[in-house]
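Structure first, then comments.
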Amino acid sequence: MVSVALCDDDEAQLAHIASLLDAYGAQHPEIRLRVCRFASGERLLDSAQQESFDLYLLDVLMPGLSGIDVGLRLREMGDEGEIIYLSASREHAVESYQAQAFFYLLKPVESDRLFAVLERALGRLAQMRSQCVVVHTSTGAERISLQEIIYVERVQRSMGYHCTGGRTVFSVSLRTSFREAATPLLASRCFLLCGASFAVNLRHVAAVEQTAAVMDDATRVPIPRRLGPQIKRAWMDYWLEADKKW
């Protein structure tokens, strides 16, 4: 099951995109799309506080909260659903990167173009769901999805995995260096080593300052001053790539 939130203040556009999603679902019955329609960004956010969605299709220009505003609010809430923006203009394409958008699709939306973008977005969702790391804790082994991990730090002699929703998982005592222990994470291009005791998930980095990476939960992860430019470049390269991989 893939849950989709569709938001557009234009009723005709809302119905049009919904019909295209229905057609895509009919072609791919194995995916099982569940589509929820919203006529405003405010209504979508109210719903997203109770239930997150796997995929968001957002009109950019709407009264009240714009699609960009909605995307930024979702990221502030820790929501990691893929965002596809729909707009009649390219004007706000650069702004969409701030909300970590998957794609910026121009209206009028045609079925073949939308289906191709959906194919890629759903493929990435499936890949992300399958990627995890096994952490050995004092109560046994625990599997954590990579997309849940915001950053990892060395806490005394263990690894602290800081996850979305405010959850932190601590490993048993390390018998190797932090870098060696973080190897399974660093195999994914989303994770970047920040000094000797921290690794951040680039997908959750909201900004890179001279001595800190600011995460999307407002945590400031310290980084060595000498590594600041390198880490900022890696973060920008990650989001500028058209098709990001885990």
Exercise for the section: Inspect all residues belonging to segment 127-149 and state whether any of them is among the β-branched types (V, I, T), part of a helix (DSSP H, G or I) and free of Cβ contacts under 8 Å to residues at least 60 places away in the same chain. Expected result: no
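Quick one: which residue in A187, A101, A126, A121 is of a type in the set (G, A, S), out of contact with any His (no Cβ under 8 Å at 6 or more places or on another chain) and farther than 21 Å from V4 by Cα?
Matching residue, one of A187, A101, A126, A121: A187.
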Exercise for the section: Return the total of residues in segment 167-200 being outside any loop (DSSP other than H, G, I, E, B) and of a type outside the set (A, V, I, L, M, F, W, C). Expected result: 5
Exercise for the section: Consider L74 carefully, then state whether it is open to solvent by less than 20 Å² (accessible area, probe 1.4 Å) and under 17 Å from L14 (Cβ atoms). Expected result: no
Exercise for the section: Mind listing whichever residues of segment 115-157 are open to solvent by 70 Å² or more (accessible area, probe 1.4 Å) and touching a Leu at 6+ places or on another chain (Cβ under 6 Å)? Expected result: R157
Problem - Qualifying residue in segment 103-111 (condition: part of a helix (DSSP H, G or I), open to solvent by 30 Å² or more (accessible area, probe 1.4 Å), more than 21 Å from M62 (Cβ to Cβ) and of a type in the set (D, E)) - result: no
Practice task
Please give the number of the condition I68 fails out of (1) farther than 24 Å from V205 by Cα; (2) crowded, with 18+ Cβ neighbours inside 10 Å.
Solution key: (1)
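Residue-wise test of (1) modelled with pLDDT of 95 or more; (2) among the aromatic types (F, W, Y); (3) part of a helix (DSSP H, G or I).
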residue	(1), (2), (3)
I31	no, no, no
R37	yes, no, no
L44	yes, no, yes
G64	no, no, no
Handout entry: Filtered residue count, segment 78-98, keeping only those that are open to solvent by 20 Å² or more (accessible area, probe 1.4 Å), touching a residue at least 24 places away in the same chain (Cβ under 8 Å) and closer than 21 Å to W235 by Cβ
Key = 5
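Could you list, in sequence order, all residues of segment 46-62 that are surrounded by 16 or more Cβ atoms within 10 Å (Cβ to Cβ) and assigned to a helix (DSSP H, G or I)?
A48
Report, by residue number, each residue of segment 159-182 that is polar (S, T, N, Q) and surrounded by fewer than 15 Cβ atoms within 10 Å (Cβ to Cβ).
Residues satisfying the conditions are T168, S173, T176, S177.
The values are calculated or read from the model by the stated rules, or taken from the named source; none is laboratory data. Computed from a predicted model, the values in this text were never measured in an experiment. For neighbour counting, all protein chains shown are included, and Cβ atoms are generated from backbone atoms with ideal geometry for every residue, glycine included. The area values use the complete protein model at the heavy-atom level, side chains included, leaving out ligands, DNA and RNA. Shrake-Rupley method; radii C 1.70, N 1.55, O 1.52, S 1.80 Å.
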